[in-house]
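Enquirer: Next up is a structure, given as structure tokens.
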Amino acid sequence: MNRKGGSGKTTSAVSLAAVFRAWGLTSRIVDGDAQMASATYWLPPQTASGAPTLLDVFLGDATLAEATAPTTVPGVAIVPSLDTLGRVESERPPGSDGLLAGELDSDASYDIELLDAAPSMGLVTVSMLAASTDVVLMMTTSTLDLVGAAEMARPLDLVRRRLNPNLRISAVVMVDDDGNTMLSRDMGDSLAADYPNALIYRIPHSVRVREAPGAHEPIIDYAPDNPVSAAYWRLAAALVPRLGLTWAVGPDTIGVEQ
Ligand SMILES: Nc1ncnc2c1ncn2[C@@H]1O[C@H](COP(=O)(O)OP(=O)(O)O)[C@@H](O)[C@H]1O
Ligand SMILES: [Mg+2]
């Protein structure tokens, strides 16, 4: 999550799903963003138009399982969203806070659930936080993003106190950052002090990342030899023990340096 757009949330959700799939773990991406430039564009649902979306789940017209569609990537499913998702914020269906937690409880078909939040603290995002075990805070390397992260502490704390005591911030990921500027180092130090239990991680810059959505392929398939792909393999490997998952295969057998 991050209340700001352009902080690498969707890129990371799609990339991590692809790595987990390569390790034999199935995953489902729940697209919480009403913008068309979202996970639903990148990995289009392989269903007829008119199939249920996340909006229908919030309005009570479909279950999460019914709104889940396969993508062209085997083992990666999506709950798509269209620009109509904004109706959740305007209609405010009662019970939205706990909706996704309940839906996920009643459909445990996937090894990993990746909830790709909207750039806002709206009802859909709160419902995602209430349903989550682990938050990955996403950001770009800028002073404004550091200030923005501090601003998210209070709403996250309220979600923890009122809706989901188990919520923890497991990682802070700085995207589009090669780690060789003073700002990057200072920001990394500051984040490590603010989130002592979280993994602080950088994903380097590559323009190939910006091309991959148009090819409807995860970056690890679109540009397998790119340093960004290597960084996502390593990020996923570092997240596995933090998420309480156990290895489906040993990390050494898949070429990941830990
Ligand atoms: N490591 C990276 N290198 C270069 N561009 C990146 C990188 N990660 C993300 N981007 C680009 O930044 C933009 C925002 O990323 P996105 O994942 O859509 O953010 P969000 O979901 O937080 O809005 C996209 O154009 C994406 O291609
Ligand atoms: Mg996004």
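Enquirer: When the chain is treated as a GNM, springs tying every alpha-carbon pair under 10 Å, which of Ala108, Ala39, Ala212 comes out with the largest mean-square fluctuation?
Expert: Ala108
Enquirer: Taking R0 as 35 Å, what's the FRET efficiency between Ala65 and Asp186 from their Cβ-Cβ distance, rounded to 0.05? If you can, show how the numbers build up before the last one.
Expert: Values: r = 45 Å, r/R0 = 1.30.
For R0 = 35 Å, the calculated efficiency reads 0.15.
Enquirer: Could you give the size of the charge dipole of segment 146-209 about its Cα centre, using +1 on the Cβ of each K and R and -1 on the Cβ of each D and E, expressed in debye and rounded to the nearest 20?
Expert: So the dipole magnitude of segment 146-209 works out to roughly 400 debye.
Enquirer: How many percent of DSSP beta bridges within the chain run antiparallel, rounded to 5?
Expert: Antiparallel: roughly 10 percent of the beta bridges in the chain.
Enquirer: Give the distance, in whole Å, between the Cα centre of segment 130-185 and the Cα centre of segment 40-107.
Expert: Taking the Cα centre of each part, segment 130-185 and segment 40-107 sit 25 Å apart.
Enquirer: Give me, ordered by chain and number, the residues 5 or more places off Ile200 or on other chains with an amide H under 5 Å from its own placed amide H.
Expert: Close amide H contacts, sequence-distant or interchain: Val172.
Enquirer: I need the peptides 69-80, 180-191, 12-23 ranked by packing, meaning the mean over residues of other C-beta atoms within 10 angstrom, with the highest value on top.
Expert: On the way: 69-80: 20.7, 180-191: 14.0, 12-23: 23.8.
Per-residue mean Cβ counts within 10 Å order the peptides as 12-23, 69-80, 180-191.
Enquirer: Next up: Normalized C-alpha radius of gyration of segment 105-167, against 2.2 N^0.38 Å?
Expert: 1.22
Enquirer: Work out from phi, with θ = phi - 60° and the Karplus expression 6.51 cos²θ - 1.76 cosθ + 1.60, the ³J(HN,Hα) of each residue of segment 226-238, listed in order in whole Hz, and give x for Gly and Pro.
Expert: Using θ = phi - 60°, the values come out as 6, x, 5, 4, 4, 5, 6, 4, 5, 4, 4, 4, 6 Hz.
Enquirer: While we're looking at this one, here's another question. Taking the Cα centre of segment 9-247 as origin and charging only Cβ (+1 Lys, Arg; -1 Asp, Glu), how large is the dipole, in debye to the nearest 20?
Expert: 460 debye
Enquirer: May I pose another question? Apply the Karplus curve 6.51 cos²θ - 1.76 cosθ + 1.60, θ = phi - 60°, to the phi angles in segment 9-14 and return the couplings in whole Hz, x for Gly and Pro.
Expert: Karplus-based 3J(HN,Hα) across segment 9-14 equals 4, 5, 4, 6, 4, 5 Hz.
Enquirer: Based on the Cα gyration tensor of the chain, what are the three equivalent ellipsoid semi-axes, each the root of five times an eigenvalue, rounded to whole Å and given largest first?
Expert: The three semi-axes for the chain are 26, 22, 18 Å.
Enquirer: Tell me which of Pro165, Thr47, Thr84 sits at the most positive position along the dipole axis of segment 9-247, charges placed on C-beta atoms (Lys, Arg +1; Asp, Glu -1).
Expert: It is Pro165, whose Cα lies furthest towards the positive end.
Laboratory data are not the source of any read-out in this text; all were calculated from the coordinates shown. All values derive from a computational prediction rather than experimental measurement. Ideal geometry is used to build each Cβ from the backbone, glycine not excepted, and the neighbour counts take in all protein chains shown.
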